[in-house]
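Below you'll find the structure, written out as structure tokens, and then a few comments.
The values are calculated or read from the model by the stated rules, or taken from the named source; none is laboratory data. Just so it is clear, the structure is predicted and the values come from calculations on it, not from any experiment. Heads up, the Cβs are rebuilt from the backbone with ideal geometry, glycines too, and the neighbour counts pull from every protein chain shown.
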Amino acid sequence: MLQALRRRWWVVLLCALVGLGAGAAAAAVVPRAYASTTQVYVSLAPDATASDVLNSSTFVEQRAQTYAELVQGEAFERAVRDATGAATAPELSAQIRDNTVLLAITAEASTARLAQTEADTAATLLIQRAGQLEARSDGTASLQLRVVEEANLPEVAGFPTPPVLIVLGVLVGGAIGVAAAVAAARMNARLRRRADLEDSAAADRSTWLAPQHPGQGSEEHASTLVAVHRQLVTAGGTDGQAVVVAGCTPDDAATARAVAEETAGTLSRAGVSVALVLLDDFSRRPGLSDLIEGTTAPGVVAVPRADAVRVLEAGSKPLRVWSATNAEVESTLKLLFNEVNAVIVVAPPLISAQPFPATAYARAAGAVLLVGTQRGSSRRDVETALETTDRWGVRSHAVLAPRPPAQHTRAEEPVRDRTTVAAR
């Protein structure tokens, strides 16, 4: 949640500002309510009979409860409205104070003066009504009510006050902003900027490639990729420079191939002979599958590009490429290293509906370069891919690259660039 708030703080701020505006609007629109309270004392009348005095405690408590219910009735509220001349009936409430016979009558109104008037009027009418109900045939009464505390004139409105509405608006808006930021982070965890990798399990093993602008060239990309390649091949302490390049997701396949080709081209221009092996590029020409099977005599067909990178396609036997054992893959790499100094194997994505058994190639090479697409891959995709290579026991590093532009297919490459090289 902290990561989501740090990256989407503006969502929280925007929602808090909206809540502030809503609270201010509510403070201006919601009518203010003033409450005034008067207290009425319920007791036995001086001329109460002996029977009334004998049961005075229960008698008075029952009468007080009865009059509290009477005050809150609709008929009584209408009577108060008629007596005060108010436009609407007041909101009256009555409560017996704990362990007493004091009846507190509260009136709420839109103005302080009206609330005070309605509370006093309610107490006066209640005393009159009690006199009528408690009167006896001989003109005496067993109970009397009298006001012991006049209705007060409220100085401030009751809840919710304008400051409270504003604070509530900010708090509610901020809470909604936090929920929205967290929900957005969970629903859309795509990597859009370098900061998205911070505080993640992939942070120390990932490299962010800055987007290229038209006419800028790929010097920065090339130097970064070669540095990552050197880091992977030297970390194992071996002379071999074989690296498997694979996308983190199926959507990253084109980006992974572009990264592999750019790395191979840069190494070739630096004087390193490179073989670029395409595991998922099958054709009728002899290729990797024939080399694995040992049917090539005496060599394999490769496609040297303009930058002298030797491209080795998968060949005509897909099953041999997919089912090759670790020993067969290691033997094939040794054959390639007789011809070149570095081998870059372009493998299908690691995360796919039909999992690709890249374990043999990755273990034989000892290093895997994982490729994610900026604005396409999520942090979880990269972390899952790194966890997969960790289970294989191989070195791995992830790069996040911008999606490459549309490229020509191999069928569109000039035929004159195709030559035959021997692989002993």
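So which residues in segment 318-340 are touching a residue at least 60 places away in the same chain (Cβ under 8 Å) and in contact with a Phe, Trp or Tyr (Cβ under 9 Å, 6 or more places away or on another chain), if there are any at all?
333
Being farther than 24 Å from residue 30 by Cα, in contact (Cβ under 8 Å) with a residue 60 or more places away in the chain and not in a strand (DSSP E or B), is that true of even one residue in segment 110-121?
The answer is yes; a qualifying residue exists.
In the set 127, 105, which member is modelled with pLDDT under 90, closer than 24 Å to residue 58 by Cβ and among the hydrophobic types (A, V, I, L, M, F, W, C)?
Exactly one residue qualifies, and that residue is 127.
Using the structure shown, decide if residue 165 is at pLDDT below 90, closer than 27 Å to residue 44 by Cβ, crowded, with 18+ Cβ neighbours inside 10 Å and within 55 Å of the chain's Cα centre (by Cα).
For residue 165, the condition - at pLDDT below 90, closer than 27 Å to residue 44 by Cβ, crowded, with 18+ Cβ neighbours inside 10 Å and within 55 Å of the chain's Cα centre (by Cα) - is not met.
Here are some conditions: (1) among the aliphatic types (A, V, I, L, M); (2) modelled with pLDDT under 80; (3) touching a Ser or Thr at 6+ places or on another chain (Cβ under 7 Å). Residue 147 meets all but one. Which one does it not meet?
Here residue 147 clears every test but (2).
Just for segment 313-328: of the residues that are under 14 Å from residue 287 (Cβ atoms) and of a type in the set (Gly, Ala, Ser), which one is surrounded by the fewest Cβ atoms within 10 Å (Cβ to Cβ)?
Here the residue is 316.
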